[in-house]
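Worksheet: the structure to be examined is printed underneath.
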Amino acid sequence: MKLVTLPIVLGIALVAAECPYHQWKAPEPSDFRGPCPMLNTLANHGFLPRDGRNITKETTVNALASALHFNTSLGTLMFEMAIVANPEPNATFFTLDQLNVHNVLEHDASLSRSDAFFGNNHIFNETIFEETKTYWTGPVLDANMLANGKIARQVNSKAFNPNYTFTTTMEQFSLGEVSAPIVAFGDLQAATVNRNLVEYFFENERFPAELGWSIRNATVSLDDITRLTQTISNATSLITTGEPVVSTRRRDLHAGLNL
Ligand code: HEM
Ligand SMILES: *[C@@H]1O[C@H](CO)[C@@H](O)[C@H](O)[C@H]1NC(C)=O
Ligand SMILES: *[C@@H]1O[C@H](CO)[C@@H](O)[C@H](O)[C@H]1NC(C)=O
Ligand SMILES: *[C@@H]1O[C@H](CO)[C@@H](O)[C@H](O)[C@H]1NC(C)=O
Ligand SMILES: *[C@@H]1O[C@H](CO)[C@@H](O)[C@H](O)[C@H]1NC(C)=O
Ligand SMILES: *[C@@H]1O[C@H](CO)[C@@H](O)[C@H](O)[C@H]1NC(C)=O
Ligand SMILES: *[C@@H]1O[C@H](CO)[C@@H](O)[C@H](O)[C@H]1NC(C)=O
Ligand SMILES: *[C@@H]1O[C@H](CO)[C@@H](O)[C@H](O)[C@H]1NC(C)=O
């Protein structure tokens with residue numbers, strides 16, 4: 001028994017010792033964190049600088065490649081979209097707290113953050129996340145559930161936040177964010193993801209390895225993201241397809257009223 005377990009224990013210890021870089025560690029008070037649960041997670045695991053500073057193109061591309069198997073051009077594109085967060089001209093890096101500035105990249109109606117109008121716009125907010133989860137009606141999230149959570153958050157903000165802002169650019173980013181859980185933890189073809197993995201990720205800003213998740217083998221490219229955001233976008237429609245079954249009498253009545 002001992003002879004069998006010793007090498008196993010040693011092996012596990014070695015792997016852990018060799019890889020302190022990817023161990024999860026809660027942020028220190030002086031570490032910067034932002035509104036993106038994934039960038040926070042990457043920093044908590046040391047894929048990005050743990051202090052949340054000096055996030056360069058190289059660091060971003062490498063982190064997204066090694067933690068999520070994003071291909072190089074996708075990682076590069078994401079950095080190029082992010083760099084506007086650093087107000088310095090020709091900046092070569094950004095910091096996680098620079099992402100907190102309202103209406104630059106950070107926007108209203110987030111899935112797990114409060115609108116800036118009501119308070120802190122970048123830390124995880126349990127009340128908001130509970131609201132989103134109301135629409136996650138099964139153990140496997142699909143495009144409809146994710147889309148419903150998104151629309152519901154927008155309706156809530158539009159109704160109660162007198163300063164609600166949501167531009168067409170924000171819509172594109174938002175669709176990307178709503179499909180992101182599938183990209184990170186789900187089935188790219190089926191456009192589904194296990195709810196428990198997504199909840200664990202949002203709540204802990206940690207990869208759900210202890211729930212059995214492991215990095216996908218396939219590389220993720222821009223084509224995957226484009227297709228998934230389109231799938232989510234389609235699912236945000238409140239119009240159903242096909243003809244409903246209605247009685248002839250009701251149909252005649254409606255037709256009559258429409259005349
Ligand atoms: C350089 C890369 C990235 C940057 C600069 C970035 C930035 C942001 C920002 C600024 C937000 C806040 C938007 C809001 O107000 O709700 C956000 C949200 C989000 N991001 Fe990222 N992100 C990046 C990559 C990723 C990746 C790779 C994933 C996962 C595959 C991801 C997942 C999410 C999710 C799920 C949200 C929504 C959070 C919520 O609505 O509560 N992000 N990201
Ligand atoms: C920022 O990170 C880059 C590598 O991406 C490194 O070359 C540079 O020295 C770092 N700068 C600071 C101030 O830490
Ligand atoms: C990334 O994937 C795209 C397909 O979407 C492909 O055109 C591109 O060559 C790939 N880039 C790298 C660096 O692998
Ligand atoms: C930024 O880059 C542009 C184009 O390369 C250059 O003309 C400009 O002088 C740079 N600005 C600063 C502040 O370095
Ligand atoms: C969470 O969001 C709600 C609604 O915007 C807000 O009233 C509450 O103060 C926030 N909670 C925290 C801890 O920021
Ligand atoms: C209110 O809306 C304006 C215009 O969109 C925006 O500039 C400002 O940052 C918003 N403030 C808050 C707290 O939402
Ligand atoms: C990746 O491939 C290996 C070997 O075929 C397999 O055991 C593993 O489950 C795969 N990982 C995922 C997330 O599909
Ligand atoms: C989205 O809807 C359009 C219009 O019905 C359709 O052509 C397209 O194939 C759909 N895309 C996805 C990814 O489902």
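The values are calculated or read from the model by the stated rules, or taken from the named source; none is laboratory data. All values derive from a computational prediction rather than experimental measurement. All Cβ positions, even for glycine, are placed from backbone atoms using ideal geometry, and neighbour counts span all protein chains on display. For the accessible areas, the whole protein counts, side chains as well, though only heavy atoms, and no ligand, DNA or RNA atoms are used. Shrake-Rupley method; radii C 1.70, N 1.55, O 1.52, S 1.80 Å.
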(1) of a type in the set (Ser, Thr, Tyr); (2) within 11 Å of ligand 1 (Cβ to nearest atom); (3) in a helix (DSSP H, G or I) all hold for Thr127 apart from (2)
Among (1) within 29 Å of Asn217 (Cα to Cα); (2) away from ligand 2 (no atom under 14 Å from the Cβ); (3) crowded, with 19+ Cβ neighbours inside 10 Å; (4) of a type outside the set (Lys, Arg), Asn71 falls short only on (3)
Note on the range 117-150: residues of a type in the set (A, V, I, L, M) and either open to solvent by 70 Å² or more (accessible area, probe 1.4 Å) or in contact (Cβ under 8 Å) with a residue 24 or more places away in the chain (or both) are Ile123, Ile128, Val140, Leu141, Ala143, Leu146, Ala147
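Matching residues to (1) of a type in the set (Phe, Trp, Tyr); (2) closer than 19 Å to Thr165 by Cα; (3) within 16 Å of ligand 6 (Cβ to nearest atom); (4) open to solvent by less than 10 Å² (accessible area, probe 1.4 Å):
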position	(1), (2), (3), (4)
Thr59	no, no, no, no
Ser66	no, no, no, no
Pro89	no, no, no, no
Thr92	no, no, no, no
His102	no, yes, yes, no
Leu105	no, yes, yes, no
Asp108	no, yes, yes, yes
Leu111	no, yes, no, no
Log entry, pairs with first residue in the range 209-236 being farther than 22 Å from Gly75 by Cα, second being among the hydrophobic types (A, V, I, L, M, F, W, C) and more than 16 Å from ligand 3 (Cβ to nearest atom), beta carbons closer than 7 Å, six or more apart or on different chains, reads Leu211/Leu197; Ser233/Leu175; Ala235/Ala143; Ala235/Ala147; Thr236/Ala147; Thr236/Ile151
For the range 166-180, pairs from a residue that is under 12 Å from Asp108 (Cα atoms) and of a type outside the set (Ser, Thr, Tyr) to a residue that is open to solvent by 20 Å² or more (accessible area, probe 1.4 Å) and assigned to a helix (DSSP H, G or I), with Cβ under 9 Å and 6 or more apart or across chains, are Phe166/Gln154; Phe166/Lys158; Glu171/Ser233; Phe173/Met81
I'd like to know if the range 34-54 contains one or more residues that are under 23 Å from Val183 (Cβ atoms), within 16 Å of ligand 4 (Cβ to nearest atom) and open to solvent by 30 Å² or more (accessible area, probe 1.4 Å). no
For the range 56-81, the count of residues that are without any contact (Cβ under 8 Å) to a residue 60 or more places away in the chain and either within 20 Å of Phe124 (Cβ to Cβ) or within 16 Å of ligand 4 (Cβ to nearest atom) (or both) equals 2
Checked against (1) assigned to a loop (DSSP other than H, G, I, E, B); (2) surrounded by fewer than 15 Cβ atoms within 10 Å (Cβ to Cβ); (3) at pLDDT 95 or above, Arg206 satisfies every condition except (2)
The number of residues in the range 150-159 that are within 14 Å of ligand 6 (Cβ to nearest atom) and closer than 14 Å to Glu131 by Cα is 1
Of the residues in the range 32-68, those that are within 13 Å of ligand 2 (Cβ to nearest atom) and on the phi > 0 side of the Ramachandran plot come to Gly52, Asn54
Filtering the range 151-191 for residues that are within 16 Å of ligand 3 (Cβ to nearest atom), of a type in the set (A, V, I, L, M, F, W, C) and open to solvent by 20 Å² or more (accessible area, probe 1.4 Å) leaves a count of 0
| task | Inspect all residues belonging to the range 220-227 and state whether any of them is open to solvent by less than 40 Å² (accessible area, probe 1.4 Å) and either in contact with a strand residue (DSSP E or B) (Cβ under 6 Å, 6 or more places away or on another chain) or at pLDDT below 95 (or both). | result | yes
Are any of the residues in the range 68-78 within 16 Å of ligand 7 (Cβ to nearest atom) and either part of a strand (DSSP E or B) or over 15 Å from the mean Cα position of the chain (by Cα) (or both)?
yes
Those residues of the range 1-26 which are open to solvent by less than 60 Å² (accessible area, probe 1.4 Å) and modelled with pLDDT of 95 or more amount to Ala26
